[in-house]
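Trainee: Let me give you the structure first, and then I'll get to my questions.
The values are calculated or read from the model by the stated rules, or taken from the named source; none is laboratory data. The structure presented is a predicted model; accordingly, all values stated were derived computationally and were not measured. So basically every Cβ, Gly included, is an ideal-geometry build from the backbone, and we count neighbours across all protein chains shown. All accessible areas refer to the heavy atoms of the entire protein, side chains included, with ligands and DNA or RNA removed. Shrake-Rupley method; radii C 1.70, N 1.55, O 1.52, S 1.80 Å.
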Amino acid sequence: MIGAGLPAAGRALPLDHPGPWLRRYHGRPPRAAATLVCLPHAGGSASFYYPWSEALSARYDVLAVQYPGRQDRHREPCLTDVGALARAIAAELAATVPADRPLVIFGHSMGAVVGFETIRCLERAGAARTPDLFLASGRRAPALSRDDGIHRLPDAELLAELGRLGGTDVRMLDDPELVQLVVPAVRADFTAVETYTPEDGAVVRCPVVALLGDSDPRVTAEQAAAWRDHTTAEFALRIFPGGHFYLGDHQAAVLTTVTAHIDALQGQGPSTTA
């Protein structure tokens, strides 16, 4: 799944750096209907959302978050704390995102947890633009967070776990040089998400939509539905065919759902109430 939809090998990604943590691949439309900020999964990078940017950038300002320790930030030390990641991303969003259009956060897997805490940082800080919608994908609710011990596995078993989730080209795992590049970021990310403990009663003020693949091996529909306890606004659950990386296998259907919920912010689509 990683790398799906990217330009052919040898072609550089078109890239704009609105800031150290944000990447824009296809420019910003002059009259963007919303700003959509996408946060990747454990071991993932900003380019995971290149196909989304390609599909949606005529309509929205699509920004992908780049965690340190990978791709163009590979020389930077990885962070192993969700709170540290969230504070840094929130600070950049507060300084970068315009206040004259809706702001939507989409996070997949680890990105859902980081996105949740990023929104809480922005809300606590009284930012000029706080998120209007949060889309939490492929992740159990924060109150159900637990340490599965993946970050403590030996390298081979750690990468095998990625392969089981379906988000990594298993051929990559046979390349020792690539493995050495990938392992530190993967281990740091799993450390961050597995040691994360939310504050009691942690909530956001914006509507939350939880998205899930119906055969996800790590998240049940009940665990995803528990996101309803982490918002003071409306909640919806959307379930798609597929596993943990359903959003790549069923991109068209997922993007249709995402855009419908974004457009609902301006009265153009369905309510998030389930």
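Trainee: Which one of the conditions (1) over 17 Å from L36 (Cα atoms); (2) in contact with a helix residue (DSSP H, G or I) (Cβ under 8 Å, 6 or more places away or on another chain) does R124 fail to meet, given that it meets all the rest?
Mentor: (2)
Trainee: Just to be sure before I move on: is T118 out of contact with any Gly (no Cβ under 7 Å at 6 or more places or on another chain), of a type in the set (S, T, N, Q), closer than 30 Å to D147 by Cβ and open to solvent by less than 60 Å² (accessible area, probe 1.4 Å) in the structure I sent?
Mentor: yes
Trainee: Can you tell me how many residues in segment 111-143 are more than 16 Å from T232 (Cα to Cα) and within 14 Å of the chain's Cα centre (by Cα)?
Mentor: Qualifying residue count for the region: 10.
Trainee: What about E161, is it of a type in the set (D, E, K, R), surrounded by fewer than 23 Cβ atoms within 10 Å (Cβ to Cβ) and touching a residue at least 60 places away in the same chain (Cβ under 8 Å)?
Mentor: The answer is no for E161.
Trainee: Scanning for something over 16 Å from the mean Cα position of the chain (by Cα), at pLDDT 95 or above, closer than 30 Å to L56 by Cβ and open to solvent by 70 Å² or more (accessible area, probe 1.4 Å), does segment 189-212 turn up at least one residue?
Mentor: Within segment 189-212, one or more residues are over 16 Å from the mean Cα position of the chain (by Cα), at pLDDT 95 or above, closer than 30 Å to L56 by Cβ and open to solvent by 70 Å² or more (accessible area, probe 1.4 Å).
Trainee: Separate question: Against the definition (of a type in the set (A, V, I, L, M), assigned to a strand (DSSP E or B) and either without any contact (Cβ under 8 Å) to a residue 40 or more places away in the chain or crowded, with 19+ Cβ neighbours inside 10 Å (or both)), how does L247 come out, yes or no?
Mentor: When the stated conditions are applied, L247 does not pass them.
Trainee: Name the pairs whose Cβ atoms lie under 6 Å apart, with the first residue in segment 35-61 and within 17 Å of P98 (Cβ to Cβ) and touching a residue at least 24 places away in the same chain (Cβ under 8 Å), the second among the β-branched types (V, I, T) and open to solvent by 10 Å² or more (accessible area, probe 1.4 Å), and 6 or more positions between them or separate chains?
Mentor: Filtered contacts from segment 35-61: T35/V97.
Trainee: Something else now. Report the residue count in segment 213-234 for those that are outside any helix (DSSP H, G or I) and crowded, with 18+ Cβ neighbours inside 10 Å.
Mentor: 4
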